[in-house]
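Have a look at the structure below before the remarks.
The values are calculated or read from the model by the stated rules, or taken from the named source; none is laboratory data. Bear in mind that the values here come from a model prediction, so they are computed numbers and not experimental data. Reconstructed Cβ throughout: ideal geometry from the backbone, glycine too, with neighbour counts over all protein chains shown.
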Amino acid sequence: MKILTFTGRTPSEALKKAKLEVGDDGMLIETREIQKKALGREALYEIVIGIDGNDIHAAYPKPTKPLDKQKPLRQESEDVLYDISSAAAQISEIANVRDPLYNSVKEVPKSYEPKELKEIKSEINKLGDKVKLIQNMFWDEKAPDLESQIPSEFAEIYRLASQSGMDRDHLDGIMKMTLEHMPLKMRENSATVKRYFQTLLRKMIPIRRESIPTPGTKKVIMLVGPTGVGKTTSIAKLAARYSYLMQKRYKVGLVVLDTYRIGAVEQLMQYARMMKLGIETVVDPPEFSTALDSLRYCDYILIDTMGSSPYDKNKIEKIYECLDANDTEFNIDVVLVMPSSIKYEDLKLTYENFSTLNVDTVMFTKLDETMGFGNIFSLAYETKKPISYFSVGQEVPEDLVCASSDFLVDCLLNGFNRSKA
Ligand SMILES: Nc1nc2c(ncn2[C@@H]2O[C@H](COP(=O)(O)OP(=O)(O)O)[C@@H](O)[C@H]2O)c(=O)[nH]1
Ligand SMILES: [Mg+2]
């Protein structure tokens, strides 16, 4: 194998040179930073390419994978980066912005540029300078690893994402891959960078779209999660939604699984009375199937769970026993409810605690009480569990929305806005 090296101010510039020289047939072995970027000094990157055979210009058999789709060998274990890489590649296709290497655009000679265009360019340059300023202010203290690698147009997006509570490894991984895959044409200013980044994040969030029961079937949905996160309130919102707010009015029944003490079910009883819904209470696992059976006439059966025990251990065990004792033919959708107001590490811990219940989807509550949404992003991205609903306030039934990645990414980058829900 012949080894060649190429240098550039960014990895992608070096990659372009390599492509010109060897086409898509080389193997990307390593990307390394030779010189750190500093004020008044450009960064310098070197990429190492391996070529089979001696003549690098010889015609090669059909290329397997283009150079820019390959990962340096040393990153092979970084699965997260692989995922991001493929999402980034897809977006480049969607954006339909070709690499200028393949699609050289003729530059308009400067003297023929319309006046407005000149003004816009100069405005963009000024903006770029401001962003650079911000970049230097915060990267010095917070991102020493990436400081020299991220162009100034990425400063705003990096700050927004890192302040959102997103896991640091996720963010750095996404940034690295964005730098490698982002079409050069989109790097022109921070607005296009932000658009690209938004699309990339959206593609990474798993969402479960709401589906309605097909004729002859029913949906049985159980909400589980720590005490106080908003399960009962959400059950009431869902009950109202299914029985009054959809195109068809469905029959809804409620089950309360009270693993703590009898009598703590009054809150849901009140909602059931108001909406005239059937409600069953279960304390011991054998009663669970009987309760489901007696609500057989319903299209939706919503199961609220409650109880209090340190780290939810006993509660989770009791719920597990109920699910295990279910001898009806109904499939139960387990929805883990978590508040968006806790940090990523705590979300992950809660998720792990409840994962023995075979969680199907996750619902996040209290979006109206949080500033950052990166914790939600990171949990969904890490666990790959789809999100089904968001709760955006205390009002029943209106403060419930079907999850969407557009909405979450918008909250993450631009802040929560109920009107966009
Ligand atoms: N701000 C806000 N409060 C909520 C939301 N969902 C529930 N709550 C409130 O959180 C508290 C606990 O809710 P509850 O449904 O009883 O929680 P549970 O113990 O999980 O059943 C109540 O005061 C609710 O009104 C939400 O999305 N936003
Ligand atoms: Mg409750």
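A few points about this structure:
- Filter result for Ile235 (under 26 Å from Ala325 (Cβ atoms), modelled with pLDDT of 95 or more, away from ligand 2 (no atom under 16 Å from the Cβ) and crowded, with 17+ Cβ neighbours inside 10 Å): no
- Output for the stretch 331-351, where each listed residue is farther than 16 Å from Phe373 by Cβ and assigned to a helix (DSSP H, G or I): Leu349, Thr350, Tyr351
- With respect to the conditions (1) in contact (Cβ under 8 Å) with a residue 40 or more places away in the chain; (2) in contact with a helix residue (DSSP H, G or I) (Cβ under 6 Å, 6 or more places away or on another chain), Gly393 falls short on a single one, namely (1).
- Within the option set Tyr344, Tyr300, Tyr311, Tyr351, being of a type in the set (Phe, Trp, Tyr) and modelled with pLDDT under 95 holds for one residue only, Tyr311.
- Selection of first residues in the stretch 338-351 that are closer than 19 Å to Thr305 by Cβ and of second residues that are part of a helix (DSSP H, G or I) and charged (D, E, K, R), restricted to Cβ pairs under 9 Å at least 6 apart or on distinct chains, gives the following pairs, ordered by first then second residue: Met338/Asp346; Pro339/Glu369; Thr350/Asp312; Tyr351/Glu382.
- Looking across the stretch 238-269 at every residue that is polar (S, T, N, Q) and modelled with pLDDT under 90, the one that is nearest to ligand 2 (Cβ to nearest atom) is identified as Gln267.
- So Asp327, is it surrounded by fewer than 17 Cβ atoms within 10 Å (Cβ to Cβ), at negative phi, in a loop (DSSP other than H, G, I, E, B) and away from ligand 1 (no atom under 16 Å from the Cβ): yes
- Pair list, Cβ < 8 Å and 6+ apart or interchain, from the stretch 218-230 residues that are on the phi < 0 side of the Ramachandran plot and in a loop (DSSP other than H, G, I, E, B) to residues that are crowded, with 20+ Cβ neighbours inside 10 Å and polar (S, T, N, Q): Pro226/Thr350; Val229/Thr365
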